[in-house]
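Student: I am attaching a structure below and will ask some questions about it afterwards.
The values are calculated or read from the model by the stated rules, or taken from the named source; none is laboratory data. If you're wondering where the values come from, they're calculated on a predicted model, not measured in any experiment. Cβ placement follows ideal geometry from the backbone for every residue including glycine, while neighbour counts extend to all protein chains displayed.
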Amino acid sequence: MGFLRRKYEQIKVLKQKLDVSETIKRAQYPIILAPFFGTPIPIMVRELTQAQIIACGNFSLIETFRDKIERQQNKKQFDILAAAEYAEKQHLICSKALIKPTYNEIIEMITDKSIVDAKSKIDELKEKLKETPRGEERTSLEKELDSLRVWTDLILPEDFMAVVMSYALGIDKSDIKELTSETLLRAAILAELGHNDPSDHIDGKFTAFMRDDINTRAWMILFDERQKNKKGPKHGG
């Protein structure tokens, strides 16, 4: 009886620790509702740090008017490689941000045999590419691989991914979507004069990652503007 009582007490203490751990986790990470194939589901997510975001790859949260125009023009020229890279970054961000259920738990719930077969085919193609020299055959294999990567990476609903991404990157509570090319150009000019960063000249709510993003894009816009002015209009002789 003494042995059973001790075991019972140990289990009781362990349960209390787990309950406390869960309470701490809930206090640390919010529970939000995200649409999943049309049905709102509760998920526990974290906002990613600058280091965690950078680990997911190189991308920008800033979309200027020029970016939007170029995106519309390029819609007809679907780039399978760009789509594969974008999908991969999306899933990396979601995998780091989702606490409960985890990314892997969600994937397991919705993965069917066709996805399993596709992932197996991806592994086969990767191995085959290692032995295939540059040429038409390799190009064909790379296109097939990219197509499969897009298909397997886009199995999560787009609206669900958008909610997770927005929270993980702190987009909704920031002013990142308010930025324009003109604002960034002005900030870069002021930063050049002041020997500091463009983000020092833009007031608003921005994360550390966003401020680095602002600095990079602002300097790029200033460089492009100067290159354009160097060429100038052509005058007849």
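Yes/no per residue for (1) modelled with pLDDT of 60 or more; (2) touching a helix residue (DSSP H, G or I) at 6+ places or on another chain (Cβ under 9 Å); (3) of a type in the set (D, E, K, R):
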position: L14; (1), (2), (3): no, no, no
position: P40; (1), (2), (3): yes, no, no
position: I43; (1), (2), (3): yes, yes, no
position: R46; (1), (2), (3): yes, yes, yes
position: C56; (1), (2), (3): yes, yes, no
position: T64; (1), (2), (3): yes, yes, no
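Student: Against the definition (outside the structural domain of P35 (by TED's automatic domain parsing) and either assigned to a loop (DSSP other than H, G, I, E, B) or surrounded by 15 or more Cβ atoms within 10 Å (Cβ to Cβ) (or both)), how does F223 come out, yes or no?
Tutor: no
Student: Can you name the number of the only condition in (1) crowded, with 16+ Cβ neighbours inside 10 Å; (2) part of a helix (DSSP H, G or I); (3) at pLDDT 85 or above that A84 fails?
Tutor: Answer for A84: the failing condition is (3).
Student: For residues that are under 24 Å from H91 (Cβ atoms) and of a type in the set (G, A, S), scanning just the stretch 120-159, find the one that is nearest to the chain's Cα centre (by Cα). First the steps, then the outcome.
Tutor: As a first pass, look at the stretch 120-159 and keep what is under 24 Å from H91 (Cβ atoms): 120-130, 141-159.
Going one step further and asking which of them are of a type in the set (G, A, S), we end up with 120, 147.
Details: S120: 25, S147: 19 Å.
By that ranking, first place goes to S147.
Student: How many residues are closer than 24 Å to K96 by Cβ and among the hydroxyl-bearing types (S, T, Y) if we restrict to the stretch 118-166?
Tutor: 2
Student: Farther than 30 Å from I43 by Cα, surrounded by 15 or more Cβ atoms within 10 Å (Cβ to Cβ) and of a type in the set (K, R): is that true of R217 in this structure?
Tutor: Judged against the criteria, R217 is a match.
Student: Only residues that are touching a residue at least 12 places away in the same chain (Cβ under 8 Å), surrounded by fewer than 20 Cβ atoms within 10 Å (Cβ to Cβ) and closer than 28 Å to I32 by Cβ: list them for the stretch 168-198, please.
Tutor: Passing the criteria: G170, I171, K173, S174, D175, K177, E178.
Student: Still on this model: Only one of (1) of a type outside the set (D, E, K, R); (2) in a loop (DSSP other than H, G, I, E, B); (3) surrounded by 13 or more Cβ atoms within 10 Å (Cβ to Cβ); (4) modelled with pLDDT under 80 fails for Q77. Which number is that?
Tutor: (3)
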